[in-house]
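Comments concern the structure below.
What follows draws every value from the coordinates through simple rules; no lab data is involved. None of these values were measured; they are calculated from a predicted model. In this analysis, Cβ positions are derived from the backbone assuming ideal geometry, glycine residues included, and neighbour counts consider all displayed protein chains.
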Amino acid sequence: MQLVINTYGTYLHIKDELFEVRVKKEGTEEKHHFASQKVSSIFMSKGSAISTDAIILAIKNNIDIVVFENDGMPVGRFWHSKPGSTAKIKKMQLEASLGRIGFEFARQWIAEKINNQIEFLGRLKKHRENASEHIQEKIDQLKVLKEKIIKTEATLITEVDDTLRGYEGTSGRIYFEVLSELILSKYKFDGRSFRPAKDPFNAFLNYTYGILYSKVEKALVIAGLDPYLGFMHRDDYNKKSLVFDFIEPYRIYADEVVFKLFSAKKVTDAHTDKITNGYSLNAEGKNLLVQHFFKFFDEETIQHKGRNQTRGNALQLDAHNFANQLIK
């Protein structure tokens, strides 16, 4: 179970060895109880509170606590202090980041990201005969960019990082242009926008990416990897570069959930609030998104390496496989 707390003023503490969530609503207080054995992660938005007893119980039960900004961007987590593996994986990760291996992984992740975009647009094309020809034209453009990425060669990622980012940026503009064209006209958007989101679609997408960042970081840590030591993204102070690298093929999970919410007309104006220079998800919007994303990520299964796996399990297996490749 994913315990998500995104209502302002909510308090999480311990009552009779259970997590107790106190939610204030219109002058009354609701209380909900959860056994620690049934909770795998706790997500807390800005404006909520937690007791130290609840933190300790979570740590003892290997439950990570992720703290979010209002737009869904994770800013920190409570995590046990025990290392996830031997130091050998991190040593090999550092070595890979300084040579051709790091370049090869970065190139692979970006190519996989674009391939996932191509496959998603292909699925959308099947049910939209009127737009089929136009979508195929965009798919063909993405295929050209994917081939350019695959054929890019270098010894170090620094030799071609600007080139790869250019291909990636162009593919993103093509891809999101198609998604915008396929939703209700009132929700059409002009490309990606971040903090703040300039439209409701990007507000939903940014929040979903935030949840996905925390999922990717957890998978990397469990696999014994250093989330700060990346290959493609710069090693800026306090930036989890590997998370931003490794997430690329999995962004499609967020894209698909958000697009389906809009195309199925489940999103209304009541799910977002207008803020200065943009839009933000409100509690109702966050609840809608969280409900659908966790079902998609943690309950539904896909074929992964010949077996039925949830998308969350597939992500974790991929993180372990990546770590194993580094130490071969």
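Between Arg173 and Lys198, the distance separating the two model label sites (each 7 Å from Cα on the Cα→Cβ line) works out to 1.3 nm.
Here the extension length gained between Phe244 and Ala49 equals 67.4 nm, from 0.36 nm per residue of separation less the Cα-Cα distance. The label-point distance for Glu153 and Gln291, in a model that sets each label 7 Å from Cα toward Cβ, rounds to 5.4 nm. Can you tell me how the range 106-198 classifies by the Cα gyration tensor, rounded, prolate or oblate, using a/c under 1.5 as the rounded cut? Because a/c hits 1.5 or more and a/b fails to exceed b/c, the range 106-198 counts as oblate. Kindly identify the range 200-328 as rounded, prolate or oblate by the Cα gyration tensor criterion: order the square roots of the eigenvalues as a ≥ b ≥ c, call it rounded if a/c is under 1.5, otherwise compare a/b with b/c, prolate if a/b is larger, else oblate. In terms of gyration-tensor shape, oblate. Labels on offer are (i) -0.23, -0.31, -0.49, -0.69; (ii) -0.22, -0.31, -0.51, -0.77; (iii) -0.28, -0.38, -0.62, -0.88, and the one holding log10 I(q)/I(0) by the Debye sum over Cα atoms at q = 0.06, 0.07, 0.09, 0.11 Å⁻¹ computed from this structure is (ii).
Across the chain, C-alpha contacts under 8 Å between residues 6 or more apart give a mean separation that, scaled by the residue count, equals a relative contact order of 16 percent. Under 1.5 on a/c is rounded, so check that first for the range 2-78, then, if it is not, pick prolate when a/b is larger than b/c and oblate when it is not; a ≥ b ≥ c are the square roots of the alpha carbon gyration tensor eigenvalues. It is oblate, given that a/c is not under 1.5 and a/b is not larger than b/c. Residues whose amide H lies under 5 Å from that of Ala197, counting only those 5 or more places away or on a different chain, are Tyr279; hydrogens are built 1.01 Å from N in the peptide plane. Springs between alpha-carbon atoms under 10 Å, Gaussian network over the chain: tell me which of Lys143, Lys60, Lys186 tops the mean-square fluctuations. Answer for the Gaussian network model of the chain: Lys186. A DSSP coil position with no more than 14 other Cβ atoms inside 10 Å describes the following chymotrypsin sites (Phe, Trp or Tyr not before Pro) in the range 1-56: Tyr8. Using R0 = 30 Å, the C-beta based FRET efficiency linking Ile222 and Tyr8 works out to 0.45. Note on Thr276 and Arg123: the extension gain reaches 51.4 nm, defined as 0.36 nm multiplied by sequence separation minus the Cα-Cα distance. Where is the GNM fluctuation largest for the chain (alpha-carbon springs, 10 angstrom cutoff): Pro249, Pro227, Pro196? Ranking Pro249, Pro227, Pro196 by mean-square fluctuation puts Pro196 first. Sorting 62-68, 241-247, 188-194 by average packing, meaning the other beta carbons within 10 Å per residue, from highest down gives 241-247, 62-68, 188-194. Specify the longest stretch of the chain that does not include any exposed loop site, a site being one of the GluC sites (Glu not before Pro) with a non-H, G, I, E, B DSSP assignment and at most 12 other Cβ atoms within 10 Å. So the longest stretch without any such site is 154-298.
Taking amide H as placed 1.01 Å from N in the peptide plane, the amide H of His304 sits under 5 Å from that of Gln309, each at least 5 places away or on another chain.
Provide the gained length on full extension for the span Gln309 to Ala87, in nm with one decimal, where the gain is 0.36 nm per separating residue minus the Cα-Cα distance.
Numbers: separation 222, 0.36 × 222 = 79.92 nm, distance 2.90 nm.
Fully extending the segment from Gln309 to Ala87 adds 77.0 nm.
In this calculation the C-beta distance from Glu95 to Val75 is compared with R0 = 35 Å, giving a FRET efficiency of 0.70.
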